[in-house]
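Taking it in order: structure first as structure tokens, then the write-up.
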Amino acid sequence: MKKVSMLIIAISLFAVLTKTNAMVNEYDEIAKSDKVDVTLYAKKMNGVYTDFKIDFQGGVLKRPYWINTTSPTWSPQIIYEDINKDGENELIIILTKGTGTGILEQEVHVFQIQNQRINEELVEVPVEVLVDDPIAIVLKNVKTELLPNKAIISIGEKKYAIDIKSLKIEPEHLFSDIYFGNLINFEVKENHLIAKIGGKISPAGGSIGDIQITYMFKDKMYQAKSIEFKPNE
């Protein structure tokens, strides 16, 4: 079933690849890479950018359901690096879906560049590869406990105890447990894809640190290689 699902995903990706002649006149150019010939176009709808088109070296790939904030501060990031150690660069696009006080929600899309024959012409085609959801990784691998004076995080055999007295949060303002979900950001560092998921113990001023997930490419997808907790300094 997994092989069939991957095949369906691959076919759907190829099916939406068109030539540069595809109409992008009614779209805004919202990001461009100087390292590789990639430009992102999208439409502004209901206060966000959506209905994306990826112009990759003359071909246009459609992504109608992508979302990114319209704030110039959080424009999509286009990264072109080898993150799976195969000697070839991958195309990584980081979107920012939401921002605000105590909120930063990003998602990542990774594409491998493959040579495909389209209309009897051999062209480079970006093929999207699955990236395991960071929140799902946290839920499966991280155990937490929130007490009046400390927060406890367990990852495998490692246990972290964070003294929360210095935050001066009244007990009635504490969550019932450590919350992960509103602070999700991605980066590529030293050719590794990394996700950071912020942990909070209270609605305001309750940040205690990040779960840091370093990804590796295994079984045709990106999944957790290591999971660590990085407390706030």
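The values are calculated or read from the model by the stated rules, or taken from the named source; none is laboratory data. Remember, predicted model here, so these are calculated numbers, not experimental data. Heads up, the Cβs are rebuilt from the backbone with ideal geometry, glycines too, and the neighbour counts pull from every protein chain shown. Accessible surface areas use protein heavy atoms only, side chains included; no ligands, DNA or RNA. Shrake-Rupley method; radii C 1.70, N 1.55, O 1.52, S 1.80 Å.
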(request) For the stretch 47-60, indicate whether the set of residues that are in contact (Cβ under 8 Å) with a residue 40 or more places away in the chain, closer than 20 Å to Asp133 by Cβ and in a strand (DSSP E or B) is non-empty. (result) no
(request) Take Phe180 and decide whether it is over 18 Å from Trp74 (Cβ atoms), touching a Leu at 6+ places or on another chain (Cβ under 6 Å) and open to solvent by less than 80 Å² (accessible area, probe 1.4 Å). (result) no
(message) Can you list the strands (runs of 3 or more DSSP E) lying wholly within the stretch 100-167 that have 2 or more residues being closer than 30 Å to Lys53 by Cβ, among the polar types (S, T, N, Q) and under 22 Å from the mean Cα position of the chain (by Cα)?
(response) 103-118
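If I go through the stretch 23-46 residue by residue, how many of them are without any contact (Cβ under 8 Å) to a residue 12 or more places away in the chain and not aliphatic (A, V, I, L, M)?
3
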(request) Determine, yes or no, whether Phe52 is aromatic (Phe, Trp, Tyr), at pLDDT below 95 and open to solvent by less than 20 Å² (accessible area, probe 1.4 Å). (result) no
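Results for (1) closer than 15 Å to Gly209 by Cα; (2) free of Cβ contacts under 8 Å to residues at least 12 places away in the same chain, shown as yes or no for each residue.
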position: Thr144; (1), (2): yes, no
position: Pro148; (1), (2): no, no
position: Tyr160; (1), (2): yes, no
position: Ser166; (1), (2): yes, yes
position: Ile169; (1), (2): no, no
position: Ile178; (1), (2): yes, no
position: Ile184; (1), (2): yes, no
position: Val188; (1), (2): no, no
(request) Could you figure out which of (1) in contact with an Asp or Glu (Cβ under 8 Å, 6 or more places away or on another chain); (2) within 15 Å of Asp28 (Cα to Cα) isn't true of Glu88? (result) (2)
(request) Sort out which residues of the stretch 191-231 are more than 27 Å from Asn149 (Cα to Cα) and of a type in the set (A, V, I, L, M), and write them in order of number. (result) Leu193, Ile194, Ala195, Met216, Met221, Ala224
(message) Looking at (1) at pLDDT below 95; (2) open to solvent by 20 Å² or more (accessible area, probe 1.4 Å), which one does Arg63 not meet, given that it meets all the others?
(response) (1)
(request) Sort through Leu7, Leu17 and tell me the only one that's crowded, with 18+ Cβ neighbours inside 10 Å and either at pLDDT below 95 or over 18 Å from the mean Cα position of the chain (by Cα) (or both). (result) Leu17
(message) So, Leu95, is that one touching a strand residue (DSSP E or B) at 6+ places or on another chain (Cβ under 7 Å), open to solvent by less than 20 Å² (accessible area, probe 1.4 Å) and in contact (Cβ under 8 Å) with a residue 40 or more places away in the chain or not?
(response) no
